[in-house]
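Here you go, one structure.
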C-alpha cells in the first residue's frame with residue numbers, strides 16, 4: 001500500500017469533507033449562534049470564495065518554499081480555522097473562521113497533486129493517483145451523514161474539533177515519512193495577476209452562490225458574476241504579456257490538459273450538487289429522515305472505494321481517452337436513472353444505483369488527476385494543478401447555482417415536488433454526460449501510450 005499517497009490523502013480528505021459536512025447541521029449551528037439557516041449558508045460561500053482567491057498562489061508557493069512546507073502550513077491554517085468554527089458565538093465569527101478554513105484548504109489539493117507527480121515514478125502514477133483521488137470522491141458523500149450523526153448524538157462543535165487530531169497526524173506523518181520534492185526556480189510573484197484572478201474567481205463563486213441561495217438580491221449576484229468575468233478577461237490579456245503570470249495559460253495549448261479541464265468542469269457542474277439534491281429528494285420527496293438519507297447517499301462513497309481495485313487495469317485495457325469517454329457517458333446515464341426514482345423504489349435498488357454512480361465517477365476523477373499533469377512539461381505542472389484546482393470551486397458553485405436556482409424557480413415557497421428534483425437531477429445528468437465531448441474532440445493523450 002503506497003505510503004506517500006495515503007499521507008497526502010489526509011489533507012485532501014479534510015478539505016473535501018469540510019466543504020459539505022455542515023450541510024445537515026445548519027439548523028443546530030444557526031440556533032446556537034443566534035442566526036438563521038439561510039444566513040448561515042454564507043459560511044459555504046466564504047469557504048469557496050477563500051479557496052478561489054488563494055488557489056492561484058499554490059504553484060508559486062510550492063516552488064518557492066517546497067511542497068512539504070506549504071502542505072504543513074496549509075493544514076495548520078485549516079486547523080486554526082476549524083478551531084475558530086468550533087468556538088464561534090456569532091455569525092460574523094463563524095463566517096470568518098470558515099474563510100480561514102477555506103484559505104488553508106486552497107493549497108491542499110493542488111500542492112498534494114503536484115507533490116505526488118514529482119515524487120512518484122511515471123509507471124506508478126495511475127496506482128498512486130487512484131489512492132489520492134478516493135478522499136475527494138468519498139468525503140462529500142460522507143460529510144452529510146457524519147455531520148448529522150455528530151450533531152444529533154454529540155454536538156455540532158465536534159464537526160470541526162475532529163479535524164484537530166487529523167490535522168496534527170497529517171503534519172507529523174508528512175514531517176516523518178514524506179520526501180520533499182525538488183523545487184523549481186521561481187520568478188517574482190505576479191501581484192497584479194494574483195489580484196485580477198482573485199477578483200475574477202471570488203466574483204464568480206460569490207455571485208453563483210448568491211443566485212443559488214438568495215440571501216441578497218439576485219441582481220447583486222449577477223453583478224458579482226459580471227465583475228468576475230470582466231476581471232478574468234483582463235487577466236487573460238495580462239497573462240499574454242507578463243513573463244511571470246501567476247497562472248500560465250499557455251498550458252491550455254497542450255491538448256490533453258485542455259480536454260481534461262473542460263471535461264472535468266462540465267462533470268463537476270453536473271455532479272457537485274448531486275449529494276445535496278439526492279438527500280433533499282429522499283427527505284422531502286420520499287419522507288426519509290436526514291440520517292436515513294445520508295446513509296443511502298453514503299453508498300456512493302463505498303462505490304468510490306471499490307473503484308480503487310479496478311481503475312488501473314481498466315485504464316490499461318481501454319486507454320485513457322476511451323476510459324474517460326465511457327466513464328463520462330456512464331456517469332450521465334447513472335444520474336439520469338437516478339432522476340426516475342420514486343418513493344416506491346426499493347431501498348436496495350437505490351443503494352445499488354448510488355454505489356455504481358460513485359464507482360463510475362471515481363474512475364473518471366482518477367483519470368482526471370493523472371491527465372492533468374500527464375502531458376504537461378515539468379516546469380508547467382504546478383500551473384496545471386493550480387488551474388485544475390481553480391476550476392473546482394467555480395464549477396461546484398455553478399452546480400449549486402443551477403440546482404438551487406431551478407428548485408427556487410419551480411417552487412418559490414420551497415415546497416418542491418419529486419418532479420422538481422427529477423428535473424434538476426436530469427440537468428445534472430446532461431452535464432455529466434457532456435464531459436465526454438471534450439475527449440471525443442481530442443486525440444489520445446500520450447499517457448495512454
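Considering only the range 192-233, how many residues are farther than 21 Å from residue 392 by Cα and either out of contact with any helix residue (DSSP H, G or I) (no Cβ under 8 Å at 6 or more places or on another chain) or part of a helix (DSSP H, G or I) (or both)?
Matching residues across the range 192-233 total 6.
Further question: Given (1) assigned to a loop (DSSP other than H, G, I, E, B); (2) out of contact with any helix residue (DSSP H, G or I) (no Cβ under 6 Å at 6 or more places or on another chain); (3) under 23 Å from residue 252 (Cβ atoms), identify the lone condition not met by residue 344.
(3)
Let me confirm something: among 180, 124, which residue is surrounded by fewer than 18 Cβ atoms within 10 Å (Cβ to Cβ), part of a helix (DSSP H, G or I) and at pLDDT below 85?
124
Each row is one residue, and each column tells you yes or no for (1) at pLDDT below 85; (2) outside any helix (DSSP H, G or I); (3) farther than 20 Å from residue 425 by Cα; (4) in the same structural domain as residue 361 (by TED's automatic domain parsing).
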site	(1), (2), (3), (4)
262	no, no, yes, yes
268	no, no, no, yes
276	yes, no, no, yes
288	yes, yes, no, yes
300	yes, no, no, yes
317	no, no, yes, yes
322	no, no, yes, yes
333	no, no, no, yes
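Each row is one residue, and each column tells you yes or no for (1) surrounded by 14 or more Cβ atoms within 10 Å (Cβ to Cβ); (2) over 30 Å from residue 405 (Cα atoms); (3) modelled with pLDDT under 85.
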{"site": "172", "(1), (2), (3)": "no, yes, no"}
{"site": "176", "(1), (2), (3)": "no, yes, no"}
{"site": "184", "(1), (2), (3)": "yes, yes, yes"}
{"site": "188", "(1), (2), (3)": "no, yes, yes"}
{"site": "193", "(1), (2), (3)": "yes, yes, no"}
{"site": "197", "(1), (2), (3)": "yes, no, no"}
{"site": "200", "(1), (2), (3)": "yes, no, no"}
{"site": "226", "(1), (2), (3)": "no, no, no"}
{"site": "230", "(1), (2), (3)": "yes, no, no"}
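Step by step: first the residues of the range 67-88, then only those that are assigned to a helix (DSSP H, G or I) and out of contact with any helix residue (DSSP H, G or I) (no Cβ under 7 Å at 6 or more places or on another chain), then the one that is farthest from residue 13 (Cα to Cα). Which residue is that?
69
Which number in (1) modelled with pLDDT of 85 or more; (2) within 20 Å of residue 272 (Cβ to Cβ) marks the one condition that residue 73 misses?
That leaves (2) as the condition not met.
Inside the range 89-118, can you point out the residues that are surrounded by fewer than 24 Cβ atoms within 10 Å (Cβ to Cβ) and part of a helix (DSSP H, G or I)?
91, 92, 93, 95, 96, 97, 99, 100, 103, 118
The values are calculated or read from the model by the stated rules, or taken from the named source; none is laboratory data. Just so we're clear, the structure is a prediction, and the values are computed from it rather than from any experiment. Neighbour counts run over all protein chains shown; Cβ positions are idealised from the backbone, glycine included.
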